[in-house]
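Here is the structure we will look at, set down as structure tokens.
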Amino acid sequence: MNIYHPTAVVPMDTTYTAMIIDPEKGSVEKNISFMGSSDQSSSVVYMSQNALYLTYYDPGDAAAMLHSFFSDNKDLAPDWLIQKLKNLGEYDISSSAKMTEIWELVNRFQNALSSDDRLKMQNEMANRMSDFLKNHRRELDGTGIVKINADNLSVDSAGSVPGRLLNQFSLDEYKGDLRVATTVGESFLSWGFDFGVNISSDNTVNDVYVLGGDLKTQGSVTDLGKGERIYAVRFIEDKGYVVTFKQVDPFYV
């Protein structure tokens, strides 16, 4: 039996197995297994007539993101913090362990500042972080997609899209292409980096991508429902229906 797992460091607590079974004998002719998560938005399974699609959510690397931010804004942080964040991003350790180390570094940095300097840094960081997220939000997290041939259960191709899926209805194959609906920008909010100030949740957006048979992006519509997330999605023939939500329910076709 072949066992596949994501190359990114992601939570795994479930093994998904697909089988081709002889209906007369009841014997398993072929099978394939994939390690993922029981969270339906982290590991999505969708099957069309031609292929089986498995996905995994990569929440991104918080240390790498902060290193990128401070590298672009070197006047906000000392050189030692930028270097340690760079080193931490290269460590082969769990995301939770990185988060513990990040908060130790952040506390060390902030405790060295006076009250006035800390307030100035927090306000300036809030302003610049908002711009940073607008420019880099599709680099922060993503969803990997694996396509498996339904006839022989061989891995056909692999690709990825920015953001996170809601559930299996976020995927749909149509005329050999795969349509994917995602919410982008939620990972930063889940990391909880506010440095004493509230980073606006308005940095989330919603995208729809069309991937070819090789899972390369062929088309997209982006920035739906700014500041909101997808609550429902359906694809029917040549149309997609997306509902986002924060205070009202915009409906996109």
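Which whole-angstrom value gives the distance between the alpha carbon centres of segment 58-78 and segment 147-173?
31 Å
About the Cα centre, and with charges only on the beta carbon of Lys, Arg (+1) and Asp, Glu (-1), how big is the dipole of the chain? Nearest 20 debye, please. Provide the component values of the computation, followed by the final result.
Details: 23 positive and 35 negative charges, 55 e Å.
Using only the charged Cβ atoms, the result is roughly 260 debye.
Could you work out what % of the accessible surface of the chain is carbon and sulfur, using a 1.4 angstrom probe and leaving DNA, RNA and ligands out of the count?
C and S fraction of accessible area: 47 percent.
For residue 245, list long-range residues whose amide hydrogen, built 1.01 Å from N in the peptide plane, is under 5 Å from its own amide hydrogen.
Here 229, 231 satisfy the definition.
Label residue 72 and residue 123 with points 7 Å out from Cα along Cα→Cβ: what is the distance between them in nm?
Taking the two extended label points, one gets 2.3 nm.
For residue 30, go through the lysines and keep the ones whose alpha-carbon is under 22 Å away, minus same-chain ones fewer than eight residues off.
Leaving aside lysines fewer than 8 places away in the same chain, those within reach of residue 30 are 147.
Need one number: the % of Cα-Cα pairs in segment 99-150 sitting beyond the 19 Å mark.
Values: 749 of 1326 pairs.
Within segment 99-150, distances greater than 19 Å cover 56 percent of Cα pairs.
Here are a few candidate values for Cα extents along the principal axes in Å: (i) 62, 43, 36; (ii) 76, 41, 27; (iii) 72, 42, 35. Which one was actually calculated from the structure I just gave you?
(ii)
Return the calculated 222 nm mean residue ellipticity for the chain, to the nearest 500 deg cm²/dmol, obtained by summing -39500 (n - 2.57) across DSSP H runs with n ≥ 4 and dividing by the residue count.
Values: 5 runs with 71 residues, N = 253.
That comes out to -9000 deg cm²/dmol.
If I model a spin label as a point 7 Å beyond the Cα along the Cα-Cβ vector, how far apart are those points for residue 135 and residue 83 in nm?
Rounded to a tenth, the inter-label distance reads 2.5 nm.
Length gain on complete extension for the stretch residue 30 to residue 97, per 0.36 nm per residue less the alpha carbon to alpha carbon distance? Present the calculation step by step, with values, prior to reporting the outcome.
Details: separation 67, 0.36 × 67 = 24.12 nm, distance 3.87 nm.
Gain on extension, residue 30 to residue 97, equals 20.3 nm.
Place +1 on the Cβ of every Lys and Arg and -1 on the Cβ of every Asp and Glu in segment 103-253, take the dipole about the Cα centre, and give the residue among 136, 233, 123 whose Cα lies farthest towards its positive end.
With unit charges placed on the Cβ atoms, the residue in question is 123.
Cut-off 10 angstrom, C-alpha nodes, Gaussian network model of the chain. Which of 71, 160, 114 fluctuates the most?
114
Calculate one ³J(HN,Hα) per residue across segment 35-46 by plugging θ = phi - 60° into the Karplus curve 6.51 cos²θ - 1.76 cosθ + 1.60, and present them in order as whole Hz with x for glycine and proline.
Listing the rounded values in order: 8, x, 10, 6, 5, 5, 8, 8, 10, 10, 10, 9 Hz.
Cross-link candidates for residue 175: which aspartates and glutamates have Cα within less than 12 Å, leaving aside residues fewer than 8 places away along the same chain?
237, 238
Just the accessible area per residue of the chain, please: how many Å² with a 1.4 Å probe?
Per residue, the chain has 53 Å² of solvent-accessible surface.
Give me the distance between the Cα centres of segment 15-35 and segment 212-253, rounded to whole Å.
Taking the Cα centre of each part, segment 15-35 and segment 212-253 sit 33 Å apart.
Straight-line reach from residue 134: which lysines have a Cα under 26 Å away, not including same-chain ones fewer than 8 places off?
Reachable lysines: 74, 84, 86, 98, 120, 216, 226, 246.
The values are calculated or read from the model by the stated rules, or taken from the named source; none is laboratory data. What you see is a predicted model; the values in this text were computed from it and never measured. Cβ atoms come from the backbone with ideal geometry, glycine included; neighbour counts cover every protein chain shown. Areas reflect the complete protein model, heavy atoms only, side chains present, ligands, DNA and RNA absent. Shrake-Rupley method; radii C 1.70, N 1.55, O 1.52, S 1.80 Å.
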